[in-house]
Structure formats: structure tokens, C-alpha cells
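Before any comments, here is the structure.
Derivation of every value follows stated rules applied to the coordinates shown; laboratory data play no part. No experiment lies behind these values; they were computed from the predicted model shown. Quick reminder, even Gly has a Cβ in these numbers, built from the backbone with ideal geometry, and neighbours come from all protein chains shown.
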Amino acid sequence: MAQGSIKIRTAFDEKAGVHVVKSIFNHPMETGLRKDAAGQLVPAHFIKEVVCEHNGKPVFNAQWGTAISRNPYLSFELRGAKAGDKLSMRWVDNKDDSDSAEIVIG
Amino acid sequence: MKRRSLLQALLAGTVAAGLFGSRDADAAWAADAFAAKTIADALKGAFGTDVLVPSDAIAIKAPNLAENGAMVPIEVSTTLPGLESITFLVERNQNPLAATFYMSPDANRVLATRLKLGRSSAVLVVVRAGGTLYSARKEIDVTIGGCGG
């Protein structure tokens, strides 16, 4: 199981009254179409599913294909959150590897 | 014993499918939709229809010109009531469907990520809201493709 692949940061946007969440996952996101230096196709290896929860309630569930960039970046606005709330994200890839992370909103 | 555990596994699978089958957010990964070669097939695989209603209530922020197709930033926001999901499709990629996010509209209406574009292409954003598929498009010129070709 992958570890430490998820980084999450939040910042409160006072004007909009929302938390802006920025996250990045370390992952190769291989399409299966790329050839390595020896001319061999690199097998597909990509995140298929992402789940984000705020205090245990879903913010979104995502299904991904190979067209999300390597080391995927996700940013979104989170409404109705306050300091001390928990925000978690987890991913599962096509090799059944997975990782999860949880932060406390500051 | 083996047969019994197999039976139990089958039963458990059926029950789980029955409980969660009706909810998009818990749907299994849409293999057919991701393998589709055309926008129409990808949409039919994901939503059962390819009928789109163009909408001004979907805003796409993305560069007109991307130097590196492997990392094209894109941000989508929508004010459509009854938001259910946001889907990204890259029209000229080998497999157009990039991602679908099943949203909780109370929590989140703005989403940004980075997409791979194999070559210059329009990005099609499909928002399902109130059971209808709404869409918006943006053309992006790519100098270097992002699919390893």
C-alpha cells in the first residue's frame, strides 16, 4: 500500500466564505501508450477512484481514466467547513494499490 | 465448504449490488465508458445517453494555448441547480473520457485539475444536473502532446 502520496492544504477565502482545498497525489498515471527508452510499452498504471469526505460526509467521488496528469492535482472549494473539521481523501489505482490521508482544517 | 463459501460470496455480491447499484456515486468504475473511442460512446457508457444541452451556467477556465499537453490546467464551476456530476472529456484523445466527479452540491461547486491532451483538442465538460446533461466546450492548442507519442 502506498503511503504519504497525498498532500492536502486548505486556506479560508474570506471574500467567498469557502475553504479552498488544494491536493496533490504522487502517482505515475501511466496511460499504457507510452514507450520506455528500450521501445517497450509501459503498462497502464493509473488512479481509478478518488473519494473525498468532510467529517465523514462525501464531498465528491471520482472515477478517473488515464487522461488525468501524472502526480494528479485537484483543487476545489469546500463550503460549510470550519476550523477543526476533518477532511479526508483516498485513492485506489488499477493495480489495487491505494492510499488515504486525513487533515484537520486549520 | 468451498461451495458454500462461494455461494455466500455470490449472495453478498448480489446484495451489495442491489444496495448500491442505484446510486451513481457508488457505481463500479465505468470500464466501457473509459475505453470508448468517441465522445458519443463515452457518454452513452457513462450516462446511457449522449444528448447534451449547451449551457452558459458552466464556466471553464483553461489556457487557450498549452505548451505541454501532459499537464493542462482546467477549472470548472457551475451554478446549475441539482448538480450531480462533472465530467471531463478530451475530444481528440484516443479515449476521450478523462474523469467523472460525482458531487455533493452543498459542499462543492468548483473543481480544478490537470488533464493530458495528446494534441490540440477541445475539452468538453458535461455537467449532469436534475437528470439532464449540460455541456460547455473549450478549444485548447497544444504545442507538445501529452500521451507519450
message = Once you keep just the Cα pairs under 8 angstrom separated by 6 or more residues, what percentage relative contact order results for region B:45-109?
response = 24
ask   = So in the protein assembly as shown, what percent of DSSP beta bridges are antiparallel if you round to the nearest 5?
value = 95
ask   = A:ASN55's amide H: which non-local residues (gap 5+, or another chain) put their own amide H closer than 5 Å, with H modeled 1.01 Å from N in plane and none for Pro or chain starts?
value = A:LYS86, A:LEU87, A:SER88
key: Expected-Rg normalisation [2.2 N^0.38 Å, Cα atoms] applied to region B:36-149   = 1.01
task = Amide H neighbours of A:LYS48 under 5 Å, at least 5 residues apart or on other chains, H built in the peptide plane: list them.
result = A:VAL92, A:ASP93, A:ASN94
ask   = Taking the Cβ of B:GLU139 as the center, what net charge do the other residues with Cβ under 13 Å away carry, scoring Lys and Arg +1 and Asp and Glu -1?
value = +2
ask   = Taking θ as phi - 60°, what are the ³J(HN,Hα) couplings along region B:58-65 by the Karplus curve (6.51, -1.76, 1.60), each to the nearest whole Hz, with x for Gly and Pro?
value = 10, 10, 10, 10, 7, x, 6, 10
query = Simple spin-label model, 7 Å along Cα-to-Cβ: A:SER100 to A:ILE24 in nm?
reply = 2.5
request  = Using the Karplus curve 6.51 cos²θ - 1.76 cosθ + 1.60 with θ = phi - 60°, work out ³J(HN,Hα) for each residue of region A:15-29 in order, rounded to whole Hz, and write x for Gly and Pro.
outcome  = 5, 8, x, 10, 8, 9, 9, 10, 9, 9, 10, 7, 7, x, 6
inquiry  = How big is chain A along each principal axis, measuring the range of its Cα positions in Å and listing the largest first?
reply    = 52, 26, 21
key: Positive-end residue of A:ALA37, B:THR87, A:SER69, charge dipole of the protein assembly as shown with Cβ unit charges   = A:ALA37
request  = Sum up the lysine pairs in chain A that clear both bars: alpha-carbon distance under 16 Å and a spacing of 8 or more or different chains.
outcome  = 7
inquiry  = Restricting to Cα pairs below 8 Å that are 6+ residues apart, what does the relative contact order work out to for chain A? Please round to a whole percent.
reply    = 31
task = Give me the distance in nm between label points sitting 7 Å out from Cα along the Cα-to-Cβ direction at A:VAL42 and B:LYS61, one decimal.
result = 3.0
note = Protection proxy (average C-beta count within 10 Å per residue), highest first, orders A:85-93, A:1-9 as A:85-93, A:1-9
query = How many percent of Cα pairs in the protein assembly as shown exceed 27 Å?
reply = 38
